[in-house]
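Student: Below you will find the structure I want to go over with you.
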Amino acid sequence: MGPNAEKQVGPNAEKQVGPNAEKQADTNARKTSVPNAEKLVGHLLDSVKYNSLMNNRTSKNSIIYLVALLFLVGMVIVGIFSYYAQRANSRSEVREQTQSVGAHISKEVEMAIKEYPAYKWLIKYWYENYEKVDIEYDADYNGETLTKKKYATWVSRHPDIEFRYATEDELEKLDAVDKKLYAEIAYSWLITRLDQIKASYDVAFLFCVLPNSTFDSQFFLLSAADEGSVRGTSYEEVYPLGVSVQVGQDQTTAMKSALKDSSYLASAGDYMDYYAHIGEVDGRAVLIGITYDISALRENVNVRARRSTMLAMLQQFILASFCLWLIYRFVLKPLKIVQANIRQYTETKDSEAVAESLSKIRGRNEIKQLSDDVTVLAKEIDQYTDEIETITKERERIETELDLATRIQESSLPNVFPPFPDRHEFEIYASMNPAKEVGGDFYDFFFVDDDHLCLIMADISGKGIPAALFMMASKIMMEDNAAMGKSPAEILTDVNKGIVANNHEDMFVTAWLGILELSTGTLMASNAGHEFPVLMRKGESFELYKDKHNFVLGGMEGIKYKEYEIKLSPGDKIFLYTDGVPEATDANNELFGTDRMVEALNLVKDGSPEEILAGVDSAVNDFVKEAEQFDDLTMMCLVYNG
């Protein structure tokens, strides 16, 4: 950053590396390396051309030509990768060194500021009275200065107060004139100290700022300057006290990160900014900023990386040329014989003739093995064709069975709405969209007796056929226990006992089960590790009902489940769901979440249960868009009419 707030910066590299010298070195490296590489390429291509002519193979589609081209392309790719890898590694080292130096400088500046016990009082005074103070910037204290005169005046007025160790209590007792005098002297001394620190480390800019609450503006408190620098608000001038500057998004992010992590190094092009958070004054963060210009250092890194890469590519080229000759002599030439027989088979489809011709190849190496494999391949093509037809038929059979399983699963869940057209005490609607052909989620609702409606929402661990089978067994156990007139806690306790007794695959179920007494609106419920239900009172909004969870079903034997009571009034609504709703994921792996789910519910809170589920489903689809669905999407909504 620095005085020009739109700039971002980095260390002084020009001291370490002479840009002109490095550019000359780069030029010399190119002059010596590139011609050598071109000569080697020419020799290799001449060799390839000679061998092709000798064997009447001048086509650019010949194997040796393509292998040579592959070697060349591979060498270039490796060279480019090596260059950027070396450059990235060097820049990483530069960044680490810059951060280390920045931490040291910021600590030194922080010590200089906090040398004054009343530094918070000073910062606040400078911030509030920057237009009133008369500051002597960048003074040379070897001669007579205005600040020296001010200090002499201070000593004569307050001989009993040690200037550098004055406390806030002592300063608050002073009159306005002496407060202003103290603040002016301390500022001039401190800005001179910052000038010395800046000169010692030779950074581009060194400053202290107070960002606003949104971090899109900086109030410049202190700005160090080089000897002879001009202070002002123009481009590349050093800012005096009180200048406020709007900053871009990168600077906003850097300051926020420094506030969060104590320090932060931001980079942009040839510049780096280091921010360090040293405290708070009246709720405003105090940040030390350091600007580095690393353009010369980066140029040096680039030159060294290019030189190293060219040398490595030259070595690779020599090795590649030798390898190409070996490959042609001992691999490609014998392969031509096999190639001719393969072409013969593709043209004649006479596997017997190909087998007889390839049987003449002698030896025990890979070429002989290849010729034997081609012979076997030709003879087994018909067999493979038959096997493919068998596999296709088997796949069609499996797809048919999966489709049947899906229909069976759908038919096992209530899917006719309204389910009880002659009952007006409530309205209900439910849906399930499995992530696979068959899923592990299920819902259910049924009358235990004329006045009690049982509601179930459950999620089986896993997906596919195993989860569907486990789901059917769990559903039947819940229905059977509910039919006996048991409470929700008793139902889940007995279902858990039944699952654990035969759970050889270590699967489990999360479930929410409630029994609604229609005459009174009393809903007794128990939660076995399932998602929180969402409740809406008449005339209000949907909110998560954070009930107390019990352990999942099938996870551990001997669990006694507990239940709780919800009193529903006419017009109240309850929404049940599985984790497929809040855990729906978009292409950026961001979850839909319960907050978005509740927001979607409240957009359609006045609708019927079917409209409410359709609204949530639409919100989920709009969120995930084309992203693949990995979990079942199961929902149920009930409106109690009384």
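Student: Could I have the simple spin-label model distance between K336 and D178, label points 7 Å from Cα toward Cβ, reported in nm to one decimal?
Tutor: Going by the 7 Å Cα→Cβ label model, 10.5 nm.
Student: Working with all protein chains in place, sort H158, H104 by solvent-accessible area computed with a 1.4 Å probe, largest first. Can you show the working numbers first?
Tutor: On the way: H158 30, H104 105 Å².
From most exposed to least exposed: H104, H158.
Student: OK, next. With a Förster radius of 60 Å, plug the Cβ-Cβ distance of D372 and M472 into 1/(1 + (r/R0)^6) and report the FRET value to the nearest 0.05. Could the numbers behind the result be given before it?
Tutor: Working: r = 53 Å, r/R0 = 0.89.
Given R0 = 60 Å and the Cβ-Cβ separation, E is 0.65.
Student: Moving on. Cβ under 12 Å from M255's Cβ, M255 left aside: what net charge do those residues give with Lys, Arg +1 and Asp, Glu -1?
Tutor: Values: positive: K256, K260, R284; negative: D216, D250, D261, D273.
That sum, taken over residues with Cβ under 12 Å, equals -1.
Student: For E93 and N621 in the same chain, what is the full-extension length gain: residue separation times 0.36 nm, less their Cα-Cα distance, in nm? The partial results should precede the final answer.
Tutor: Working: separation 528, 0.36 × 528 = 190.08 nm, distance 4.58 nm.
In short, 185.5 nm is gained.
Student: Something else about it: Considering lysine pairs in region 527-642 that are 8 or more places apart or on different chains, how many have Cα atoms under 16 Å apart?
Tutor: Counting lysine pairs in region 527-642 gives 9.
Student: Same structure, new question: Can you give me the relative contact order of the chain as a percent, contacts being Cα pairs under 8 Å and 6 or more apart?
Tutor: Taking the mean separation of contacting Cα pairs over the length of the chain, I get 13 percent.
Student: Provide T585, T309 ordered by accessible surface of protein heavy atoms (probe 1.4 Å), highest first. It would help to have the intermediate numbers written out before the result.
Tutor: Working: T585 35, T309 10 Å².
So, going from the largest accessible area down, we get T585, T309.
Student: With n ≥ 4 as the cut-off for DSSP H runs, can you work out [θ] at 222 nm for the chain, using -39500 (n - 2.57) per run divided by the number of residues, rounded to the nearest 500?
Tutor: The per-residue figure over the chain is -17500 deg cm²/dmol.
Student: While we're here: Determine the gain in length on full extension of the stretch Q315-S519; use 0.36 nm per residue of separation and subtract their C-alpha separation, reporting nm with one decimal. Walk me through the numbers before you get to the answer.
Tutor: Numbers: separation 204, 0.36 × 204 = 73.44 nm, distance 8.95 nm.
Here the answer is 64.5 nm.
Student: Based on the mean of other Cβ atoms within 10 Å per residue, sort peptides 511-522, 558-569, 414-425, 243-254 so the most packed one is first. Write down the numbers at each step before the final one.
Tutor: Numbers: 511-522: 20.3, 558-569: 14.8, 414-425: 12.4, 243-254: 17.1.
Going from most to least packed, we get 511-522, 243-254, 558-569, 414-425.
Student: Full extension from T585 to Q629: what is 0.36 nm times the residue separation minus their Cα-Cα distance, to one decimal in nm?
Tutor: Numbers: separation 44, 0.36 × 44 = 15.84 nm, distance 0.75 nm.
Stretched out fully, the T585 to Q629 stretch lengthens by 15.1 nm.
Student: Also, quick follow-up: Tell me the label-point distance for the pair D282, N142, using the 7 Å Cα-to-Cβ offset, in nm and rounded to one decimal.
Tutor: So the two model labels end up 3.9 nm from each other.
Student: Looking only at region 497-524, which residues have a backbone nitrogen under 18 Å from a spot 7 Å from the Cα of D449 in the C-beta direction?
Tutor: 514-524
Student: Something else about it: From a point 7 Å beyond the Cα of H104 in the direction of its Cβ, which residues of region 176-211 have a backbone N at a distance under 20 Å?
Tutor: Inside the label zone: 193-207.
Student: Here is a further query. I'd like to compare 440-451, 530-541: which one has the highest average count of other Cβ atoms within 10 Å, and what's the full order after that? List each step's numbers first, then the result.
Tutor: Numbers: 440-451: 18.8, 530-541: 17.1.
Final packing ranking: 440-451, 530-541.
Student: Grab the other residues whose beta carbon is less than 10 angstrom from that of V624, score K and R as +1, D and E as -1, and report the net.
Tutor: Working: positive: K625; negative: D586, E590, D622, E626, E628.
Within the 10 Å Cβ shell, the charges total -4.
Student: With Rg and Dmax of the Cα atoms in Å as the read-out, I listed (i) 37.2, 117; (ii) 39.9, 118; (iii) 27.1, 96; which label goes with the value calculated from this structure?
Tutor: Answer label, from the structure shown: (ii).
Student: Among 630-641, 608-619, how do they line up by average Cβ neighbours within 10 Å per residue, starting with the highest? Can you show the working numbers first?
Tutor: Numbers: 630-641: 22.0, 608-619: 18.4.
The peptides rank, most packed first, as 630-641, 608-619.
Student: For the pair E557/R157, report the inter-label distance in nm, with labels modelled 7 Å from Cα in the Cβ direction.
Tutor: Result: 8.8 nm between the two label points.
Student: Report Rg (one decimal) and Dmax (nearest whole number) for region 82-145, counting Cα atoms only, units Å.
Tutor: My reading of the Cα-based Rg and Dmax gives 20.0, 60 Å.
Student: Computed FRET efficiency, Cβ-Cβ of A483 and K132, R0 56 Å: what is it to the nearest 0.05?
Tutor: Details: r = 86 Å, r/R0 = 1.53.
Calculated value: 0.05.
Student: Provide the FRET efficiency to the nearest 0.05 for the E540-D250 pair, computing r from the beta carbons and using R0 = 45 Å.
Tutor: Details: r = 44 Å, r/R0 = 0.98.
So, using R0 = 45 Å, E works out to roughly 0.55.
Student: Mind checking which aspartates and glutamates have their Cα closer than 13 Å to the Cα of K486? Skip sequence neighbours fewer than 8 apart in that chain.
Tutor: D449, D494, E563
The values are calculated or read from the model by the stated rules, or taken from the named source; none is laboratory data. Computed from a prediction, not measured in an experiment: that's the story for all the values here. Positions of Cβ are generated from backbone atoms using ideal geometry, with glycine treated the same way; all protein chains shown enter the neighbour counts. We work out accessible area using only protein heavy atoms, side chains counted, and drop any ligands, DNA or RNA first. Shrake-Rupley method; radii C 1.70, N 1.55, O 1.52, S 1.80 Å.
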